[in-house]
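**Student:** I'd like to ask some things about the structure below.
The values are calculated or read from the model by the stated rules, or taken from the named source; none is laboratory data. A quick note: this is a predicted structure, and the numbers were derived from the prediction, not measured. Cβ coordinates were reconstructed from backbone atoms using ideal geometry, including for glycine residues, and neighbour counts include every protein chain displayed. Accessible surface areas use protein heavy atoms only, side chains included; no ligands, DNA or RNA. Shrake-Rupley method; radii C 1.70, N 1.55, O 1.52, S 1.80 Å.
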Amino acid sequence: MNLIDCHCHTANSPDGEGSVKQLCMRASELGLAVLGISEHCEANRLYSKEHYGSEPKNEYEIYDNICIFEKSMAENTASIYECPKNLTLLCGIELGQPYADFCGSQSLIEDKRLDFVIASAHELCGKEDFAFLKYTKENVNGYLKEYFETIYQMCKWGKFDILAHLTYPLRYINGIAKLNVDISQYNEIISESFRLLIQNGKGIEINTSGLRQPYGLTFPTLEYVKLFKELGGEIISIGSDAHCADDLGKGIIDGIKLAEAGGFKYISYFKNRKPEFIKI
């Protein structure tokens with residue numbers, strides 16, 4: 001089985017550890033064919049806190065994300081020439097909250113060093129990361145409604161390659177707060193988001209991080225992998241969302257099996273912003 005991991009982080013991300021070299025060595029040990037480095041770059045904090053006139057709400061709200069981007073691009077591209085010969089190293093970025101600054105995001109991702117861009121919605125406008133919100137039975141559906149509307153707007157913009165961890169809020173709502181929310185009420189807007197991705201030649205990822213967390217499932221689950229395929233989706237990527245070398249590759253085989261169960265015969269990654277396909 002050809003193994004890929006196209007979502008991982010190093011110490012260049014505020015919540016990551018280790019170096020690109022360490023990830024490359026670990027990827028080689030695991031027999032990965034493709035490794036995609038995707039450091040965090042939050043579009044709502046591209047510039048200094050003075051620029052926004054705000055202060056961080058928690059330790060992970062780091063400003064000057066353009067500096068993080070430049071550092072990661074430099075290390076990623078330098079590492080391409082040093083990584084093991086049996087490994088394809090890809091230079092990517094996880095662009096968080098592009099809807100907060102579509103213009104700044106567009107400028108950033110025009111960088112020719114990028115192989116791929118995955119887009120995430122970690123925060124709703126004006127609110128903290130979903131990890132820090134307080135959930136109750138009364139407010140949770142309001143958060144989810146706004147989240148999936150935000151995902152739709154992000155897909156409508158569509159300048160990225162892969163939509164990351166579609167069901168991200170459930171990591172905290174179902175996994176931590178233990179509010180077992182059924183998101184099927186949002187299937188219509190999820191389907192519309194998928195149609196936009198498909199029309200623009202974009203894909204989704206199966207993010208396996210939930211398998212090693214209290215949530216216990218992938219983001220998204222099989223139901224939405226099948227839905228994406230049924231609507232005509234062809235591009236599906238796999239990522240562990242590892243923030244250290246020890247978590248690299250975890251759940252990848254499960255993710256590939258899930259893609260196959262969802263009707264996919266190929267998994268995908270982007271190189272030079274163009275999709276490549278690997279037979280399962």
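**Student:** Quick one: in the stretch 37-64, which of the residues that are surrounded by 20 or more Cβ atoms within 10 Å (Cβ to Cβ) and of a type in the set (Gly, Ala, Ser) is nearest to residue 125 (Cα to Cα)?
**Tutor:** Checked the stretch 37-64; the qualifying residue nearest to residue 125 (Cα to Cα) is 43.
**Student:** Right, here's the next one. Tell me the residue from 128, 192, 205 that is of a type in the set (D, E, K, R), at pLDDT 95 or above, touching a Ser or Thr at 6+ places or on another chain (Cβ under 7 Å) and surrounded by 14 or more Cβ atoms within 10 Å (Cβ to Cβ), please.
**Tutor:** 205
**Student:** With the requirement that a residue be out of contact with any helix residue (DSSP H, G or I) (no Cβ under 7 Å at 6 or more places or on another chain), in a helix (DSSP H, G or I) and not β-branched (Val, Ile, Thr), what does the stretch 179-211 give you?
**Tutor:** 184, 185, 187, 188, 195, 199, 209 - these are the residues of the stretch 179-211 that are out of contact with any helix residue (DSSP H, G or I) (no Cβ under 7 Å at 6 or more places or on another chain), in a helix (DSSP H, G or I) and not β-branched (Val, Ile, Thr).
**Student:** Under 6 Å between Cβ atoms, at least 6 apart or on separate chains: pull out the pairs that start in the stretch 65-84 with a residue that is open to solvent by 50 Å² or more (accessible area, probe 1.4 Å) and end on any residue that is modelled with pLDDT of 95 or more and not in a helix (DSSP H, G or I).
**Tutor:** From residues that are open to solvent by 50 Å² or more (accessible area, probe 1.4 Å), the pairs are 66/46; 71/12; 80/89.
**Student:** Within the stretch 242-256, which residues are more than 16 Å from residue 266 (Cβ to Cβ), open to solvent by less than 10 Å² (accessible area, probe 1.4 Å) and either part of a helix (DSSP H, G or I) or among the charged types (D, E, K, R) (or both)?
**Tutor:** The answer is none; no residue qualifies.
**Student:** While we're here: With the structure loaded, tell me whether residue 131 is part of a helix (DSSP H, G or I) and of a type in the set (Gly, Ala, Ser) or whether it fails that test.
**Tutor:** In short, yes.
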